[in-house]
Amino acid sequence: MKKSDSSNLATRIEKIFMELLAIKSHTGTTGERDIEAYLYQELRKSDYFRANPEKLGMYPLKRDSLKRSIIWGLVKGKGKKTIVLLHHHDVVDTFDYGILKDHAYNPIKLANKLKHIEIADEVKKDLEAGEWVFARGAADMKAGAAIQIALVEEYAKQQGLEGNILIVSVPDEESLSTGMREGVKLLKDIKKKFDLEYVLLVNSEAHQRDEEDKGIFYEGSVGKLMPVIYVRGKKTHIGDIFHGFNPIVLLSQIVANTELNTAFSDVEGDEVSPPPSWSFCRDTKKCYDASIPEASGGYFSILTLTRTPKEILAQLQKVCDESFEEVIDKMNENYSKFLSKSRESVKKLPWSINVKTFSEIYEEAIQYSGDAFLKDFEDTTNELIVEIQKNKINIPESNFVLIEKVLEYVADRRPIVVIAISPPYYPHIANKDFKKLSKTVKEIGKRINDIAQKEWKETYNKKNYFMGISDMSYVALHHSDEVIPYIGPNMPLWEKMYDIPFEAMRDLSIPVINVGPWGKDLHKFTERVHMKDVLEKTPVLLDTAIKWALSETQLSEQ
Ligand SMILES: [Zn+2]
């Protein structure tokens, strides 16, 4: 890019960025529609899209009560090779701003207010330096969105552009990624309609740094699986306690055996996925009485770099079996002590290990109860969906209701642990897992690092996985035989209000890269982005990556 072009580009990026920040596009609200209208109108102003209206679109989400859309625009150059530029336009809410929340969308006012409150030294330093913009969504990811839009406008002005650029702006990334899951079909449709070949998908989420002059780009994204654990015990009066089985104790044991357990961390080179952590855990007691509860349930998240759902379910089954055994042993030990205190002969309790997956109990219910079960399950699901839409129950908790419903229809009445999976599920993706990768994609990181060195003496290091969870997860699918048969059948809400277009993802199979500006404190009230990156550095890096990926490509075996 020439100097004059880049200063025009910077002015344009800044304008779009500030206008995007001012729109309150909280995830899961109609504010997302407001930002969609803005994005569509901005793109439509360009001469290119005015002359080519069929290459710009608003793609409405199916059955979305908020009536949100994906905004897309295709700049058609020469040949089939196409770069997909992806960003999301929703942001997380502003509760963490507390009394400053009315200023979360106004960087100038927010910076003034932040000066008068107690903040960490590093934040204070950045605030005083004046190089950072503080606002909700500044880093995640309206800066990335503004850069991509301004770049697309530039490409649209160029004559004889080598290759094609498709920009895709999705809603709901911070929630269930409905935008991207539906965007997969849109990508397939556009590919067919315009006869394109997708060579690379470029996302522009902000990156966080350990060292000031070391940037990071990512050639993939971490996976996330949310197991749901439901424990049915045996209810009894507390005066008759050895006739019961306390589900709280077993769930607690499972929590203790999984929370921060690094056996669940994947290691890939020097990248390690954080160990699991529980988000929710409680019993199902509705009101007080002098008995132990009937059941308990909880859910947690497992981040993956390499393990498939098949492997994780096997690992969970083992941990739950062991936890069950530990609890029974402990109960027997206490029972023996109790009996000997009352001088009775020692007996064993009747409990045995009983751990099943949701798909197993679902099959049992069909075998045992047939159509009566299926009808009741469907009615219950439909009622639940209404409750979820009215925000009376959230999606992870709704799984407990459906598991209970299935257990009503099976013959097994013993204490049981049921393992299920809750939406959302994000498969991990990494370019290194692609069997065929073009030479240009393989060398793209070197280009990025070279230009960063040359222009600003900065190093850009590659990581295989963006750890922040992203929509990049949905543009390819590897090891599908260890994913597809394990997700749907173990997800009670599957194809009722949540699904993943696995086949279409496998068909698309697009390598990915995330190149975005330097950001800090994402999802916190001190969220901020470095403006030199937004206005100058990241656009150059993106332009370099795009031009390189659209240059001559040969497929080569990795
Ligand atoms: Zn994001």
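The longest part of the chain holding none of the exposed loop GluC sites (Glu not before Pro), meaning those outside H, G, I, E and B in DSSP with at most 15 other Cβ atoms within 10 Å, is 345-494. The alpha-carbon of Lys348 sits under 21 angstrom from the alpha-carbons of these lysines, leaving out residues fewer than 8 places away in its chain: Lys234, Lys235, Lys330, Lys337. Legend: helices of the chain (whole DSSP H runs) are marked when their alpha-carbon atoms reach 30 angstrom or more along the helix axis and their mean Kyte-Doolittle hydropathy is at least -1.0; marked are 309-341, 358-389.
With both partners inside the chain, how many of the DSSP beta bridges are antiparallel, as a percent to the nearest 5? Write down the numbers at each step before the final one.
Details: 47 of 76 bridges.
Of the beta bridges lying entirely in the chain, close to 60 percent run antiparallel.
Cα to Cα, under 19 Å, and not fewer than 8 places away if on the same chain: which lysines meet these conditions relative to Lys142? Here the lysines satisfying the reach criterion relative to Lys142 are Lys15, Lys24, Lys101, Lys109, Lys520, Lys524, Lys532, Lys537. Surface exposure of region 374-513, expressed per residue as accessible area with a 1.4 Å probe, stands at 41 Å². Per-residue ellipticity at 222 nm from helix content only, as computed over the chain with -39500 (n - 2.57) for each DSSP H run of at least four residues, stands at -13000 deg cm²/dmol. Panel values: region 1-104, Kirkwood radius from alpha carbon pairs, Stokes-Einstein at 37 °C and 0.692 mPa s, translational diffusion coefficient 205 µm²/s.
Suppose accessible area is computed on protein heavy atoms with a 1.4 Å probe; arrange His26, His479 from highest to lowest. Before the final figure, lay out each step's value.
Values: His26 40, His479 110 Å².
Ranking His26, His479 by accessible area, largest first, yields His479, His26.
For the modelled label position 7 Å from the Cα of Ser6 along Cα-to-Cβ, which residues of region 422-455 have backbone nitrogen atoms closer than 11 Å? Counting backbone N atoms under 11 Å from the label point, the list is 452, 454-455. Taking a ≥ b ≥ c as the square roots of the eigenvalues of the Cα gyration tensor of region 104-239, is the shape rounded (a/c under 1.5), prolate (a/b larger than b/c) or oblate? It is oblate, given that a/c is not under 1.5 and a/b is not larger than b/c. Taking every protein chain into account, the accessible area of region 6-132 amounts to 52 square angstrom per residue (probe 1.4 Å). Rolling a 1.4 Å probe over the protein heavy atoms of the chain, with every protein chain left in place, gives an accessible area that is 51 percent carbon and sulfur. With a simple spin-label model that places each label point 7 Å from the Cα along the Cα-to-Cβ direction, the separation between Lys101 and Thr262 comes to 3.9 nm. Considering only beta bridges that DSSP places wholly inside region 223-423, some 90 percent are antiparallel. In summary, the aspartates and glutamates within cross-link reach of Lys356, defined as a Cα separation below 16 angstrom excluding same-chain residues under 8 places away, comprise Glu311, Asp321, Glu322, Glu325, Glu364, Glu404, Glu408, Asp412. The simple Förster model, with R0 at 25 Å and r as the Cβ-Cβ distance, assigns Lys285 and Asp379 a FRET efficiency of 0.50. Taking 1.002 mPa s as the viscosity and 20 °C as the temperature, the Stokes-Einstein diffusion coefficient of region 441-558 based on its alpha-carbon Kirkwood radius rounds to 124 µm²/s.
Hey, any idea what Rg/Rh is for region 223-423, computing Rh the Kirkwood way over Cα pairs?
Values: Rg = 18.4 Å, Rh = 18.3 Å.
With Rg and the Kirkwood Rh in hand, the quotient comes to 1.01.
Of the whole protein surface, His243 contributes about 120 Å² of accessible area at a 1.4 Å probe radius.
When the chymotrypsin sites (Phe, Trp or Tyr not before Pro) in region 284-326 are filtered for DSSP coil states and for at most 13 other beta-carbon atoms within 10 Å of their beta-carbon, the remaining sites are Tyr288.
Figure note: Thr30, Thr459, Thr258 ranked by solvent-accessible area, largest first, 1.4 Å probe, ligands and nucleic acids not counted: Thr30, Thr459, Thr258. For Tyr230, the accessible surface of its heavy atoms amounts to roughly 10 Å² (probe 1.4 Å, protein chains only, rounded to the nearest 10). Principal axis extents of the C-alpha atoms in the chain (largest first, rounded to whole Å): 94, 55, 44.
The values are calculated or read from the model by the stated rules, or taken from the named source; none is laboratory data. Everything quoted here is computed from the prediction, not taken from an experiment. Cβ atoms come from the backbone with ideal geometry, glycine included; neighbour counts cover every protein chain shown. Areas reflect the complete protein model, heavy atoms only, side chains present, ligands, DNA and RNA absent. Shrake-Rupley method; radii C 1.70, N 1.55, O 1.52, S 1.80 Å.
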